[in-house]
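No lab work stands behind these numbers, since they all come straight from the coordinates. Because the structure is a prediction, the values reported are computed rather than measured. Glycine gets a Cβ as well: all are built from the backbone with ideal geometry, and neighbour counts include every protein chain shown.
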Amino acid sequence: MSQKNKDVEDGVIRRYFSLISSALGFSFVLICVVNPSEGFAQDLSAAKFPTPYEGGDGWDTATYKEGMKYYAELAAASQQLTIHTMGKTDSGYPLSVILITDPNHVALEEVSKDTRTVLLINNAIHPGESDGVDASMAFARDLVFKEEAYGEWLQDVIVAIIPFYNIGGALNRNSGTRANQNGPREYGFRGNGRNYDLNRDFLKCDTRNAKSFAEIFQLLDPDFFIDTHVSNGADYQHVMTTAQSQKDKLGLSLGQYMHTQFEPMLFKAMETAGYPTIPYVNSGGNPPENGYDQFLETPRYSTGYAGLFQTMGYMTETHMLKPYPQRVAATRAFFDASLKLLAQEGKSIQSLRQKDRDTYRRQQSAPIAWEVDRNHPARLEFHGYEASQVPSTVTGGTRLFYDRDKPFVRNIPYFNQYKVSQSVTLPAGYLIPREWHTVIDLMEKNSIVMRVVNNPVTIPAETYRIDRVQSKTPPYE
Ligand SMILES: [Zn+2]
């Protein structure tokens, strides 16, 4: 067994130990109730509010109704946690956001004006990838009730959680659409109520979910964004990988800061927690040890959308072949590491965001497309398994096989440099005909400054004309 595997197992053991100690702590409180301390109060809260995941054997994820009921119970027990319903989703249910602060609570509408740093977590965009749903519920409870552990960090950070983004998909429970994933037993479906993949819809906003998300995002203006997922593809030892804002696309001082300062600290904290983290393994069916390109999260993805507003974003991608309890624990470790780092770095992040916004306002042109530059690879420490081609008993051909008895640690190339391949000259503004209300509505939802031209004016202008539209020939998903 490699050191990495050992670390991972230790992580799980620690997790189970904390669950057991919570249960033991509860009976201990009953004995010692005449002389309670803050430590005992923590255990009482955890025992009083076990999440559905914690209350089972670690292989069940909360349903939509169980999840919302759980948050309602927390809200009833603490004024530090409030539930807000925004616009509708395609399923007919409203999109909810949970707001958690220290005792100095704030209205949702005032969050973006608050001096504290804002962390937004989005869950169940792909409801089959439910790790974040269960990790978030325990995280929310601990933020409110484990004052000793989290009170200090919560003084500087406001936490907002979307418990279920794809509600329609969460309601569509099954056990077969992620058959190759190692738990939970039942989970929701990837597509939403109308079979949209919501993690491709942030820019075009075909769904009500995306429109309601834009309202929440603009209201909160988060400094940091996490979208929780589970990966597909190659097998390797890492439990956690992340698809983060691409540094060159995020650009300017924030992109540089994220790459050179924030991420090394974040990944160090994850390693200390027992989950050495690497960027999302974007190897397209090839063994990753040959190196791979950084995933370019264009704005149709959640983190790409966040990047348009100078918000650093991370998609957490736990590894589908790792047992569910390990994945939930790794996702939770990512929340904890992010919160502590944001408490420490929040003021710097806020000022860099402002600085970049000021710079963008003065720029004459804007990049709109990027391409990977493979001339300058970075290196990363990859904990993999030896891969080979073996005969497939199903097809009679060969298939890629990862041998878990042959773990390795190798320094591999990582192509994380992107260069601009297309830019546009920025005009003074755009004139949008009133009939184009679909465009105008989306601009409004995204806080784009607009004004109505009431009287006829003559101004020099250029026009765009779409003379041809070509769709991709193969169907997508
Ligand atoms: Zn996903």
- Message: Rounded, prolate or oblate, given the Cα gyration tensor of region 304-379, with a/c below 1.5 counting as rounded?
- Response: oblate
- Task: Indicate, rounded to the nearest 5 percent, the antiparallel portion of the DSSP beta bridges found entirely in region 60-370.
- Result: 45
- Quote to one decimal, in nm, the extra length available between Ser253 and Ile448 on full extension: 0.36 nm per residue of separation minus the C-alpha distance between them. 67.9 nm
- Message: Assuming 0.36 nm per residue, please report the length gained on full extension of the stretch Glu73 to Leu400 beyond their Cα-Cα distance.
- Response: 113.0 nm
- Item | Hydrodynamic radius by Kirkwood, which averages 1/r over all alpha carbon pairs of region 190-256, in angstrom | 14.7
- Note on the structure: Under the rule rounded for a/c under 1.5, else prolate if a/b exceeds b/c, else oblate, using alpha carbon gyration tensor axes a ≥ b ≥ c, region 332-411 is classed as prolate
- Query: Residue separation times 0.36 nm, minus the C-alpha to C-alpha distance between Gln218 and Val439: what's the value?
  - Reply: 77.9 nm
- Entries of Lys146/Lys340; Lys48/Lys322; Lys249/Lys472 with Cα pairs more than 21 Å apart: Lys48/Lys322; Lys249/Lys472
- Query: Using helices alone, what [θ] at 222 nm do you get for the chain, with -39,500 (n - 2.57) per DSSP H run of 4 or more residues, divided over all residues and rounded to the nearest 500?
  - Reply: -11500 deg cm²/dmol
- Note on the structure: One finds the C-alpha centres of region 358-391 and region 406-476 to be spaced, in Å, by 21
- Task: Treat the count of other C-beta atoms within 10 Å as a stand-in for reagent exposure and order Thr473, Thr438 from fewest to most.
- Result: Thr473, Thr438
- Residues Phe225, Phe408, Phe139 in order from fewest to most other beta-carbon atoms within 10 Å are Phe408, Phe139, Phe225
- Checking rank on 154-164, 385-395, with mean other Cβ inside 10 Å and highest first, the result is 154-164, 385-395
- Item | Listed peptides 306-312, 90-96 by packing density, highest first (mean Cβ within 10 Å) | 306-312, 90-96
- Message: Using the basic label-point model (7 angstrom from Cα toward the beta carbon), what is the Leu308 to Ile83 distance in nanometres?
- Response: 3.0
- Point-to-point label distance, Ser175-Gln344, nm (Cα→Cβ direction, 7 Å offset): 4.4
- Task: Assuming 1.002 mPa s and 20 °C, estimate D for region 60-370 with Stokes-Einstein, Rh taken as the Kirkwood radius over Cα pairs, in µm²/s.
- Result: 110
- If you rank Ile100, Ile216, Ile432, Ile226 by fewest surrounding Cβ atoms within 10 Å, what's the result? Ile432, Ile216, Ile100, Ile226
